[in-house]
Amino acid sequence: MVSKTDRLIIKPLEKSDYESWLDGFESRKPSQHRHDEGKRDMSNCTKEWFRDLVDKHQELAISDTAFVFGLFRKTDGVHIGMIDFSTLVRDNFQWGRIGYSIHNHQWRNGYGQEAVKEALEIGHKQLNYHRIEAHINVDNDASFQLAERVGMEYECTRKEFIYEFGNWTDNLVYFKNSV
């Protein structure tokens, strides 16, 4: 499953992506806000560790549990972020969740909007989700603004929905149905 936009290649990680992937994470700036993981210790992320990660992603895709995509700039192969889908329910629902992250040193270039818009197409047309949701912390303005820019609709606020930051946190739910 490889998809291309004007500037990006969106594809599952391959073992040959290691150097670009590692450089993307190592080039991050320190955390810019609470929802930005920022620079992190990558010393345990060896080539062997990465090969195992790629294998795990493939297993998750085969089992229809999750689909993980790397985002790469077309012109030079630079890794700029990740997008993932989790299958919530199949059967009569065909319902998935999308998550997205752009390395903070790549922000404000329009990559997020371009990538998420294309990823929603992948989710609907290739992964066969009818409904795709984004679950977003209520104080993550950049994320819900991005969801709105790509045509996702606000549905509700789920109270005490996800346990993170040592507490049960509220999340905004945005969705997009297939046409």
- Message: Suppose we keep only residues that are surrounded by 11 or more Cβ atoms within 10 Å (Cβ to Cβ) and out of contact with any His (no Cβ under 9 Å at 6 or more places or on another chain) within the range 165-179. Which one would you say is nearest to Y100 (Cα to Cα)?
- Response: F175
- Message: Looking at the range 101-130, I want the residues that are closer than 23 Å to R28 by Cα and have a partner that is assigned to a loop (DSSP other than H, G, I, E, B) and acidic (D, E) with Cβ atoms under 8 Å, at least 6 apart or on another chain. Which pairs are those?
- Response: S101/E37; N104/D36; E114/D6
- Please verify whether the range 60-69 includes one or more residues that are out of contact with any strand residue (DSSP E or B) (no Cβ under 7 Å at 6 or more places or on another chain), open to solvent by 40 Å² or more (accessible area, probe 1.4 Å) and either among the charged types (D, E, K, R) or in contact (Cβ under 8 Å) with a residue 60 or more places away in the chain (or both). no
- Task: Report, by residue number, each residue of the range 1-22 that is over 16 Å from R51 (Cα atoms) and among the hydrophobic types (A, V, I, L, M, F, W, C).
- Result: M1, V2, L8, I9, I10
- Message: Which numbered condition in (1) within 17 Å of the chain's Cα centre (by Cα); (2) of a type outside the set (D, E); (3) surrounded by fewer than 19 Cβ atoms within 10 Å (Cβ to Cβ) is the only one that A115 fails?
- Response: (3)
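The values are calculated or read from the model by the stated rules, or taken from the named source; none is laboratory data. All values derive from a computational prediction rather than experimental measurement. Glycine also receives a Cβ, built like all others from the backbone with ideal geometry; neighbour counts cover every protein chain displayed. Ligands, DNA and RNA are excluded from the accessible area calculation, which covers all protein heavy atoms including side chains. Shrake-Rupley method; radii C 1.70, N 1.55, O 1.52, S 1.80 Å.
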